[in-house]
Amino acid sequence: MTKRIFIWVAHPKPNSLNAALAARYAKGAKANGADVRVMALADMQVDSGFDGYDSPRDLTPDLATWQDNIRWADHVMIVHPYWWGAMPSKAKAVLDAALLSGFAYKYHGPGMGWDKLLEGRTGDAIITSDTPVWIDTLIYRSPGRRVMRNQVMKFTGIKPRNVVQMGSVKLAKPAKIDTWLARAETMGAAAA
């Protein structure tokens, strides 16, 4: 059975290292027979005026397409930069506005239980940072990786496979970046 993989490049600029990592991930996946869809945050119109989950509004066409890509996928890959301890605000706005009750999860009445509506999918994430990974791990305790793994993927039912951080981008020599690109391609091949 052909694996369906949705890759979301959650960087607000089109020609980023994140886009290059996504392209190499897609290359590895396609080379191993996967059907791949790629969507770039840089091309999306995102309404950042989200007022909360108690006042839902109609999705913009790009957010509806994003949700359709998640529904279609067996495997989801998200690549984003790590700015001030989190993903860019425009990327977070997509999660806020599109990972809605009835689509990604559904609470059981007033209690704390919920249904994970995206179960059956697996996920990978690549997070790029200027902060060296060892500093982010030892001093800050990996908040970006924890949020992606636990509050985004596991909460909605996506089973995390690889949630990795690559950094320091600012200090990386071309040979190091080549290593990261090769790792992204290997991850894509494994996902297929």
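Quick check: the distance between the Cα centres of the stretch 96-149 and the stretch 1-73, to the nearest angstrom?
16
Within the stretch 1-64, report the trypsin sites (Lys or Arg not before Pro) that DSSP leaves as loop and that have at most 13 other Cβ atoms within 10 Å. Each step should come with its number before you reach the end.
On the way: sites: Lys3, Arg4, Arg24, Lys27, Lys30, Arg37, Arg57; in loops: Lys3, Arg57.
Here the sparse-neighbourhood loop sites are Arg57.
For the stretch 132-161, which trypsin sites (Lys or Arg not before Pro) are both in a DSSP coil and crowded by at most 10 other Cβ atoms within 10 Å?
Arg141
Every number here is computed from the coordinates shown, using simple stated rules; none is lab data. Note that the coordinates shown come from a computational prediction; the quantities given were computed from them, not determined experimentally. Positions of Cβ are backbone-derived with ideal geometry, glycine not excepted, and every protein chain shown enters the neighbour counts.
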